[in-house]
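Computed from the coordinates by the stated procedures, all read-outs in this text should not be read as laboratory data. Source: prediction; values computed, not measured. Note that we place each Cβ from the backbone using ideal geometry, even for glycine, and neighbour counts take in every protein chain shown.
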Amino acid sequence: MKDVIIVLWIIMAFVATAFWEAYIEGQYGGAKRQVGWKIKVGKYNLNGYHFWLWAVTYPLLVSLPLVVDYSPRLLGLILIGYFLGQVIEDFLWFVVNPEWPFKHFRPDKADWFPWLKFGKKYGLPFFYVPYMIFAFLAWWFLVRG
């Protein structure tokens with residue numbers, strides 16, 4: 001039960017992030033109107049806002065327990081929460097955003113990241129698949145014991 005609470009606790013932080021990120025970005029998904037630097041990666045942009053949030057802030061916050069009491073199991077639980085949380089946060093951005101209707105959860109509207117396309121209008125953001133795989137691998141190798 002403790003394992004489930006740890007993963008859900010992390011996921012709840014990502015759920016909260018979906019709300020505030022949707023309210024910050026509004027109709028300009030992918031931080032299209034945010035200040036700060038942007039680096040072109042292929043045909044997409046990596047911006048400072050998302051880099052500092054997803055690559056620095058969240059890893060530092062969720063890994064704090066490892067500083068005090070490292071264990072492979074705890075690392076696995078944190079990785080599961082982190083990867084599932086990012087997928088849930090991204091999806092909920094489309095659900096809770098008052099300026100972006102959910103019907104725009106599709107590749108031809110949300111063009112700020114790559115999609116796995118199913119026809120012209122339907123798809124899944126590309127990163128959902130590897131993140132779900134990473135979460136499964138963290139469970140398989142570090143948690144299932």
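Suppose R0 equals 25 Å. What FRET efficiency, 1/(1 + (r/R0)^6) with r the Cβ-Cβ distance, do Phe19 and Ile39 give to the nearest 0.05?
Using R0 = 25 Å, I get an efficiency of 0.40.
Take Leu53 and Asp111, extend 7 Å from each Cα along the Cα→Cβ direction, and tell me the distance between the two endpoints in nm.
Result for the modelled spin labels: 2.2 nm.
Can you give me the P(r) profile for the chain? Cα pairs, bins 10 angstrom wide beginning at 0, each as a whole percent.
Going from the shortest bin to the longest, the percentages are 11, 37, 34, 16, 2.
³J(HN,Hα) across segment 73-89 via Karplus (A = 6.51, B = -1.76, C = 1.60, θ = phi - 60°), whole Hz, x for Gly/Pro?
Going residue by residue, I get 4, 5, 4, x, 5, 5, 5, 4, x, 5, 6, 5, x, 5, 5, 4, 4 Hz, with x marking Gly and Pro.
Considering only C-alpha atoms, what is the centroid distance from segment 103-145 to segment 4-76, in Å?
Each part reduced to its Cα centre gives a spacing of 16 Å.
What longest range of the chain stays clear of loop-exposed chymotrypsin sites (Phe, Trp or Tyr not before Pro) (DSSP non-H/G/I/E/B, at most 14 other C-beta within 10 angstrom)?
For chymotrypsin sites (Phe, Trp or Tyr not before Pro) (loop position, at most 14 other Cβ atoms within 10 Å), the longest site-free span of the chain is 71-125.
Between Phe141 and Leu46, take the C-beta separation as r, use R0 = 25 Å, and let me know the FRET efficiency to the nearest 0.05.
Computed FRET efficiency for Phe141 and Leu46: 0.30.
Just from its helices, what would the mean residue ellipticity at 222 nm be for the chain, if runs of 4 or more DSSP H residues each count -39500 (n - 2.57) and the sum is divided by every residue, rounded to the nearest 500 deg cm²/dmol?
Result for the chain, helices only: -15500 deg cm²/dmol.
Please list the non-local residues whose amide H lies under 5 Å from the amide H of Trp115, H modeled 1.01 Å from N, same-chain partners needing a gap of 5 or more.
Excluding prolines and chain starts, which carry no amide H, the hits are Phe126.
Pairing the Cα long axis of helix 128-138 with the longest principal axis of the chain, what angle in degrees results, from 0 to 90 and rounded to the nearest 10?
It works out to around 0 degrees.
Amide H to amide H, which residues 5 or more places from Lys32 or on other chains are under 5 Å from it, using H placed in the peptide plane?
Close amide H contacts, sequence-distant or interchain: none at all.
Would you mind finding the longest exposed-site-free stretch of the chain, with exposed trypsin sites (Lys or Arg not before Pro) meaning DSSP loop and at most 11 other Cβ atoms within 10 Å?
By the stated rule (loop sites, at most 11 other Cβ atoms within 10 Å), 44-119.
Tell me which lysines have Cα within less than 18 Å of Lys32's Cα, excluding those fewer than 8 residues away on the same chain?
Within the straight-line cut-off, Lys32 pairs with Lys40, Lys43, Lys109.
Work through the residues other than Lys40 whose Cβ is under 15 Å from its Cβ and net out their charges, Lys, Arg +1 and Asp, Glu -1.
Value of the local net charge: +2.
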